[in-house]
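Taking it in order: structure first as structure tokens, then the write-up.
The values are calculated or read from the model by the stated rules, or taken from the named source; none is laboratory data. As the structure is a computational prediction, the values presented were derived from the model and not from experiment. Every residue, glycine among them, receives a Cβ derived from its backbone with ideal geometry; neighbour counts consider all protein chains shown.
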Amino acid sequence: MISNTRYWFLLILIVLVYVAGMFVTLFENDSAQFAVMAMRMVQENDFLSLFKGPEEYLDKPHMHYWLAALSFKIFGLHDWAYRIPGILATLLGAYSCFGLGRLLYDNRVGKIAALIFMTSQTIVLGAIDVRTDAVLTGFAVFAIWHLAAYIEKNSLKHMVLGAFGAAIAFSTKGQIALLVIGLPILCHLGYTRKWKMFLNWRVIIGLLVFALFITPMLYAYYHQFDLHPEKIIRGKGNRSGLFFIFWEQSFERLSGEGVGKNSSDYFFFFHTFLWVFLPWTIIGLVAYWQKAKSMVKSKFKYVAGQEFLTLGGITLIFIIISFAQFKLPHYLNITIPLFAVLSAGYLFGLYTDKKKKLKKILLGFQYFILGVVFIAAILIYFYVFKTESCYSYIWQSAIGVFIIYYCLKHEFYFYKIITIGAISSVLLNGVLNMHFYPSLLEYQAGSTMAKTIEKNNIDTDNIYKISQAHTWALDFYNQEPVKIASVGDLKYRKDIWVYASDKELDILKDSGFDWDRQLTEKQFRITRLQGKFLNPNTRKKVLNKMHLVHIY
């Protein structure tokens, strides 16, 4: 097992990467949108109603927005304040991976699982581009850990904590939380044959705790929707928030009704997994295969020291979410804790195995991933977005020294596999959080225009737009949503500013408007990167522009 000194050194490095990402501008759409929704709660002192722009929001429960609003209340309306609950939930998830790994295997596996979880690409990304999945993942694995501990130890404490975690997860994203918690637990019950543990008075206490902690979310849904059947939500009247969260939500996701369809590819999550679990992808795949082969060979009979919670949970979750008609890469975040524990258990098995061939092969893959990351870092710094900062060379050189030292150091392959993997994540995400994303966000017009507005002392109360297009970043950094007005309404207003695209400027011109000042910022949908944008020589061809014009 790697030494405590090295372990904490690697863990501190990745935490520093998380901290660096806290202060990056919010991404459109989801992060900025959710921050605006939480900001509205604070500004209007209304914590029972959720709005997405001018529309009432039914899609997701309230917990993520409540936590962000609480952070805003304590620290103020800052992008880093919005990210605090998500990062804390991620740290809870890492500690829960440690607890689950220790429960199913031993203390050493738990430590490796926590490190793998913290350095997985989608988890690091989820701590900067914070969505509901960060809170869902953290509390879901917390619930899985304690419910599994209840099965093993018959402890009321673990039942209560598991029920609490499940309630917070359910209050964050609805039925999917019960799915991702319930399936691994059912697999564990089935494998250990301990069904009687859920025919117990402690389970009743757990259900009461669960009901107690979801009550605030249910009341908020009831207050906003059930008490107002006259509201038209997504083209339908008489919408019940309670019926939606207990029944309709998951079926809408699976069918694409309400949220739309974006993929009918049943293998979407299989090829997406190849990057979301980097730099541990190959290890995760081999661990899954070896565990599956072992289970089939034993005909799923219970063997002391073995577990089916991770393998069964991953398999069933993958199958179910693959049938959804609306898919996004971050939906896989909920499987990463299970993969982390499974991979850690497999790696520790290699540690005790004297055979070197497989260890050499896995180390070769880790070196390959590190090489790809190194090339990517060079391209980002010296080609995609050229750096002029001496500071960046200092930390890059320090990481380079560490990488060279650990690559050349003579030690067991097991130590190198873990160390090289963790450092690959630190290098890649350090470059992304401290250079790539800040440079990329210079092309997000909403946030850059907000800086221009502040610099020019423009009254945000006098800014309008003539389309329904969302302006989340501008809304958040102005700390005030841009007002929507028709072209006809603008004719009766003087001394105002209009935020518009090129096409909307043409509409204003054709309608007889004139302006005496025009501020312009570059615009690109930064969450949908493409080769032409990343290539500095062709970037201008795919850029759009957003304008702020003063109509006098």
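For the stretch 183-215, how many residues are farther than 30 Å from residue 46 by Cβ, at pLDDT 95 or above and loosely packed, with under 14 Cβ neighbours inside 10 Å?
Qualifying residue count for the region: 2.
Could you pull out every one of the helices (runs of 4 or more DSSP H) wholly within the stretch 255-365 that has 3 or more residues that are closer than 20 Å to residue 180 by Cβ, in contact with a strand residue (DSSP E or B) (Cβ under 6 Å, 6 or more places away or on another chain) and without any contact (Cβ under 8 Å) to a residue 24 or more places away in the chain?
none
Of the numbered conditions (1) surrounded by 21 or more Cβ atoms within 10 Å (Cβ to Cβ); (2) of a type in the set (A, V, I, L, M, F, W, C); (3) in contact with a Lys or Arg (Cβ under 9 Å, 6 or more places away or on another chain); (4) not assigned by TED's automatic domain parsing to the domain that holds residue 104, residue 373 fails exactly one; give the number of that condition.
Condition not satisfied by residue 373: (3).
Which condition breaks for residue 208 when tested against (1) over 27 Å from the mean Cα position of the chain (by Cα); (2) within 18 Å of residue 175 (Cβ to Cβ)?
(2)
Tally the residues that are within 19 Å of residue 32 (Cβ to Cβ) and loosely packed, with under 14 Cβ neighbours inside 10 Å, restricting the search to the stretch 516-540.
Count: 3.
Is the stretch 488-498 home to any residue that is in a loop (DSSP other than H, G, I, E, B) and surrounded by 12 or more Cβ atoms within 10 Å (Cβ to Cβ)?
yes
Could you please find all residues in the stretch 216-241 being of a type in the set (A, V, I, L, M) and either over 18 Å from residue 173 (Cα atoms) or surrounded by fewer than 14 Cβ atoms within 10 Å (Cβ to Cβ) (or both)?
Of everything in the stretch 216-241, those that are of a type in the set (A, V, I, L, M) and either over 18 Å from residue 173 (Cα atoms) or surrounded by fewer than 14 Cβ atoms within 10 Å (Cβ to Cβ) (or both) turn out to be 227, 232, 233.
With the requirement that a residue be crowded, with 16+ Cβ neighbours inside 10 Å and not basic (Lys, Arg), what does the stretch 34-48 give you?
Within the stretch 34-48, 34, 35, 36, 37, 38, 39, 41, 42, 47 meet the criteria.
Consider the stretch 168-185. How many of its residues are in contact (Cβ under 8 Å) with a residue 60 or more places away in the chain and not in a loop (DSSP other than H, G, I, E, B)?
Here the count works out to 12.
What do you reckon, is residue 268 under 20 Å from residue 121 (Cβ atoms), at pLDDT below 95, among the hydrophobic types (A, V, I, L, M, F, W, C) and surrounded by 20 or more Cβ atoms within 10 Å (Cβ to Cβ)?
The answer is no for residue 268.
If the requirement is being β-branched (Val, Ile, Thr) and under 25 Å from residue 305 (Cβ atoms), which of these qualifies: 151, 168, 176, 123?
On the way: 168 fails: under 25 Å from residue 305 (Cβ atoms); 176 fails: under 25 Å from residue 305 (Cβ atoms); 123 fails: under 25 Å from residue 305 (Cβ atoms).
Answer to the selection: 151.
If residue 311 passes every condition in (1) over 14 Å from residue 100 (Cβ atoms); (2) at pLDDT 95 or above but one, which one does it miss?
(1)
Of (1) in contact (Cβ under 8 Å) with a residue 24 or more places away in the chain; (2) under 28 Å from residue 110 (Cα atoms), residue 153 satisfies all except one. Which?
Only one criterion in (1) in contact (Cβ under 8 Å) with a residue 24 or more places away in the chain; (2) under 28 Å from residue 110 (Cα atoms) is unmet by residue 153, namely (1).
Within 21 Å of residue 100 (Cβ to Cβ) and buried (at least 23 other Cβ atoms within 10 Å of the Cβ): is that true of residue 339 in this structure?
Considered against the rule, which asks whether it is within 21 Å of residue 100 (Cβ to Cβ) and buried (at least 23 other Cβ atoms within 10 Å of the Cβ), residue 339 comes out as yes.
Report every pair of residues separated by at least 6 positions or lying on different chains whose Cβ atoms are under 6 Å apart, first residue within the stretch 106-119 and buried (at least 24 other Cβ atoms within 10 Å of the Cβ), second not hydroxyl-bearing (Ser, Thr, Tyr) and not in a helix (DSSP H, G or I).
116/280
Which of the following residues is more than 30 Å from residue 391 (Cβ to Cβ), in contact (Cβ under 8 Å) with a residue 60 or more places away in the chain, surrounded by fewer than 22 Cβ atoms within 10 Å (Cβ to Cβ) and not charged (D, E, K, R): 412, 513?
Within the list 412, 513, the selection yields 412.
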